[in-house]
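Derivation of every value follows stated rules applied to the coordinates shown; laboratory data play no part. Since the model is a prediction, treat every value here as computed from it, not as a measurement. Here the Cβ is made from the backbone with ideal geometry for all residues, glycine too, and neighbour counts use every protein chain on show.
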Amino acid sequence: MGKTLFDSPSFANHEGVHAFHDEKTGLKAIVAVHSTARGPAVGGTRMWNYASSAEALEDVLRLSKGMSYKNAVADLEMGGGKSVIIGDSRTQKSPELFRAFGRALNGLGGNYYAAEDVGVSVEDIAEARKATEYVLGLKDGPEASGDPSPVTAEGVYRSTLAVARRLWKQDDLTGLTIAVQGVGHVGGYLADKLHKAGAKLIMTDVNTAVLAEVAARTDAEIVAPDAIYDVKADIYAPCALGATLNLQTLDRITAKAVVGAANNQLATPDIGQILFERGVLYAPDYVVNGGGIINVASEMNARQSGGAYDASWVERKLSRLMDTFEEILERSVSENKPTHLIADAIAEARIKAAGDLKAELLKAA
Ligand code: NAD
């Protein structure tokens, strides 16, 4: 027998992997539920023109495991899952397709909640909502959590301050140079905050109109997209693509710390080890960018209780996440281990504890 799904390293003990096809609308979707130990699995839906269904499967498995870790480290009562819709988001979207996706989610009975991700907009989620209650990230109504980007940016900003306190023994960012890659939703809000706290900014984006606007209001220096790795900066803030910390860029980046919003910044885990050995402080991406999912979690709470989005709850959770980030920095020093491994250990322990408790309760019932 050839290799099966169960042999794939990305399968990583997923609780369930579900494939859906709707002939009428052309929907082809895969939902991966990595863990519901801490609660219903929550994670975005990505619409992407994958070269093959095997590539889509690999992506959804990797991303859903990541969501288990992100949700656990943010101490949310949510498990990890993700979904992908195979197709070109510019040409193959229709309201019917997203309603068909909503109906597919009904089949999972609330084991998984979808939300926006690359290629899927608030409008698409609103369309799916007409067919299912198992979507989050709504724009309207008392429970709606709206755009998560400002909360994500606030978490990345506070993490940057924590790093400045630790490395430069200062409470603001005066005198520090920060290289910001990508000034879209999160990067734009982040740049404003960094500028206000006294940092000198060097920035890039492939969208030159957005770049010019953000640079003008933050007195930033603009560089070409590929040049961002070579600038002389104290902190590198990746806020665009994943995997920008790789064997090609490592020798070009001279910053003493990496703190940014992008998901999956380490091309491979061994890059985290190399950064550690070189004395570069890497702020684990899924810890510092957890503000966005915390914001979405408030919508989940409101849905479950019949209440409303609660900004003060979001603030309490974000503040607790920042305490966890400080703990990671502390333990990295005291245990002489890279930050990404400490973050993984915290997430894994929380997932395991919740799973053990669930098993105990089932046994007792
Ligand atoms: P966005 O699409 O609004 O912004 C990304 C920006 O990066 C865009 O302006 C784009 O033009 C630019 N970009 C793309 N390729 C580039 C390149 N090669 N060089 C320079 N710039 C480039 O997305 P966003 O919502 O701001 O998210 C940014 C990152 O943060 C993503 O990796 C996302 O997965 C992650 N993230 C976002 C949130 C959130 O709340 N939006 C939460 C967690 C993680």
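Observations on the structure shown:
- In order through region 159-173: 3J(HN,Hα) via Karplus (6.51 cos²θ - 1.76 cosθ + 1.60), integer Hz, x for Gly, Pro: 5, 5, 5, 4, 5, 5, 4, 6, 7, 10, 6, 9, 8, 10, 10
- Cα pair count fraction exceeding 20 Å, expressed as % - region 17-134: 34 percent
- Label-to-label distance for Asp7 and Ala216 is 5.8 nm, based on points extended 7 Å past Cα in the beta-carbon direction.
- With both labels modelled 7 Å from their Cα along Cα-to-Cβ, the Glu277 to Ala227 distance reads 3.3 nm.
- Within the shell of other residues whose beta carbon sits under 14 angstrom from the beta carbon of Leu173, the net charge comes to +3, with Lys and Arg scored +1 and Asp and Glu -1.
- The length gained on full extension between Ser319 and Thr268, counted as 0.36 nm times the residue separation minus their Cα-Cα distance, comes to 15.5 nm.
- Size of electric dipole in region 161-259: Cβ of Lys, Arg +1 and of Asp, Glu -1, about Cα centre, debye, nearest 20: 380 debye
- Restricting attention to region 1-133, close to 60% of DSSP beta bridges with both partner residues there are antiparallel.
- Cα gyration tensor shape for region 206-365, rounded if a/c is under 1.5, else prolate or oblate: oblate
- Sparse-neighbourhood loop sites, trypsin sites (Lys or Arg not before Pro) in region 71-151 - DSSP loop, at most 16 other Cβ within 10 angstrom: Arg90, Lys130, Lys139
- Considering only Ala126, Ala197, Ala153, the Gaussian network model of the chain with Cα springs below 10 Å gives its largest mean-square fluctuation to Ala197.
- Charge tally in the Cβ shell below 10 Å around Ala12, where Lys, Arg are +1 and Asp, Glu are -1, Ala12 excluded: +2
- Convex hull volume per residue for region 106-170, taking Cα atoms only, in Å³: 124 Å³
- At 1.306 mPa s and 10 °C, Stokes D of region 89-134 from Kirkwood alpha-carbon radius, µm² per second: 151 µm²/s
- Likely footprinting exposure, Met78, Met322, fewest C-beta neighbours within 10 Å first: Met322, Met78
- Two-decimal Rg/Rh across the chain, once Rg and the Kirkwood Rh are taken from alpha-carbon atoms: 0.96
- Other-chain or far-sequence residues with amide H under 5 Å of Gly79's (modelled H): Arg38, Gly39, Ala41, Val42
- A Förster distance of 30 Å, applied to the separation of the beta-carbon atoms of Asp310 and Glu133, puts the FRET efficiency at 0.95.
- Two-decimal ratio, region 120-209, of alpha-carbon radius of gyration to 2.2 N^0.38 Å: 1.41
- Cα centroid separation - region 1-71 against region 131-181, whole Å: 27 Å
- Which of Ala212, Gly16, Asn106, positive extreme of dipole for the chain (C-beta unit charges): Gly16
- Rounded to the nearest 20 debye, dipole of the chain from Cβ charges on Lys, Arg, Asp, Glu: 360 debye
- Among beta bridges identified by DSSP and lying wholly in the chain, the antiparallel ones come to about 35 percent.
- Of the GluC sites (Glu not before Pro) in region 257-365, the ones in a loop by DSSP (not H, G, I, E or B) with at most 11 other beta carbons within 10 Å are Glu335.
- Rounded FRET efficiency, nearest 0.05, which uses the C-beta distance separating Ala364 from Asn246 and R0 of 56 Å: 0.70
- Estimated vicinal HN-Hα couplings, Hz - region 305-311 in sequence order (Karplus 6.51, -1.76, 1.60; Gly, Pro = x): 9, x, x, 10, 3, 10, 5
- Along principal axes, Cα extents of region 28-95, largest first, whole Å: 38, 26, 15
- When shorter helices are ignored and each DSSP H run of at least 4 residues is given -39500 (n - 2.57), the per-residue value for the chain at 222 nm works out to -14500 deg cm²/dmol.
- Measuring between their Cα centroids, region 208-244 and region 267-291 lie 19 Å from each other.
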